[in-house]
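Below is one structure, written out as structure tokens, with a few remarks after it.
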Amino acid sequence: MSRSSPPRSGPPRYVPEDSLKSPRFTGPSTFARLPFVRTLEDVDLVIVGVPFDTGVTYRAGGRFGPNGVRAASVMLRPYNANLDVKPFDILSCVDYGDVAIVPGYIERSYEAIERDVAPIVDAGVIPLLIGGDHACTLPHLRATRSKGPVAVIDFDSHTDAWDSYFGEKYNHGTWMRRAIEEGLVDVAHSIEVGLRGPIYDRDDWTDLRDELGLEGDGVHQLRYRRRRPGVRARHGYTGARRLVGPRRAGHRPAADGHRLRRVRRRRGDPGV
């Protein structure tokens, strides 16, 4: 819902197709079978595909991510039993399509992403971006300039706060440093969670706090906190898909992440 729009009365205008009335394999491939609409009127949240993987230094393929997520999302159902919510009863949501990125050109693609996402943010609508490699996070944050520095919770095995790769300042391993340098991140209220795996030097992690002022929690710290008396995780880790591994971090396998089944077994979870 845009800032200039009056409060909505009645049910959301845009909702997914009812899969009890039309088969999931019919119709266009959109996220959760939402309508494909390029409007911000009467909209609370938009899904934006960012088919960009030019920022990776090892394994490309993330450009196919948005369509892959959309294809899998047809199996989503309207009710979440864990949270006891039906979000589409509350929010008017649309699939806004993809950003027309420029294959092979990072900074031109950054401009395209910011150009498409900034009007969504300015209209008071929430953009949910589906990438794409981690490098596309920087232009997403640039698009939030009108809201001031924002808090970032990043579930990742790497800090993505290196200064450069191969002498280049913009790629999947540097976006966090660039975002902090540009004043886009409220570091006092931000954190990176799930850091693990091999690194080049101890400074790769310590510089995160000492130089950039950003806190980071490694997987070993999460395991320690889980073992402390009185600390209990509900239904595994929050954001478990980003924490358990091996995950293709930056399109590279990253070791040292617990698989969710093992985490639950060690907790004696009866749901395993």
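When a/c is below 1.5 the answer is rounded, else prolate if a/b is larger than b/c, else oblate, so apply that to the stretch 96-160 with a ≥ b ≥ c taken from the square roots of the Cα gyration tensor eigenvalues. In terms of gyration-tensor shape, oblate.
In sequence order, the stretch 130-141 has phi-based couplings of 10, x, x, 8, 4, 4, 6, 5, 4, x, 4, 5 Hz under the Karplus curve 6.51 cos²θ - 1.76 cosθ + 1.60, θ = phi - 60°, and Gly or Pro positions carry x.
The stretch 154-174 and the stretch 5-75 have Cα centres spaced 28 Å apart.
Residues in the stretch 87-101 carry Karplus couplings, in order, of x, 6, 7, 10, 9, 8, 10, 9, 8, 8, x, 10, 6, 7, 6 Hz; the curve used is 6.51 cos²θ - 1.76 cosθ + 1.60 with θ = phi - 60°, and Gly or Pro positions show x. Amide H contacts under 5 Å for Val150: Val185, Asp186, restricted to partners 5 or more places along the chain or on a different chain, H placed in the peptide plane at 1.01 Å from N.
Computed packing ranks the peptides 116-123, 23-30 as 116-123, 23-30, most packed first, by mean other Cβ atoms within 10 Å. Looking at the stretch 92-186, none of the GluC sites (Glu not before Pro) sits in a DSSP loop with at most 12 other Cβ atoms within 10 Å of its own Cβ. Rounded to whole numbers, the Karplus 3J(HN,Hα) couplings from phi for the stretch 67-76 are 5, x, 5, 4, 4, 6, 6, 5, 7, 5 Hz, using 6.51 cos²θ - 1.76 cosθ + 1.60 with θ = phi - 60°, and x at Gly and Pro.
Less than 5 angstrom separates the built amide H of Ile126 from those of Leu45, Val46, all sequence-distant by 5 or more or on a different chain. Can you list the residues, at least 5 places off or on another chain, whose amide H is less than 5 Å from the amide H of Asp42, using H built in the peptide plane? It is Ser2, by chain and number.
All of the numbers you see were taken from the coordinates with simple rules; none came from a lab. Every value quoted in this text rests on a predicted model; they were computed, and no experiment measured them. With ideal geometry, Cβ positions are generated from the backbone for all residues, glycine too; neighbour counts draw on all protein chains shown.
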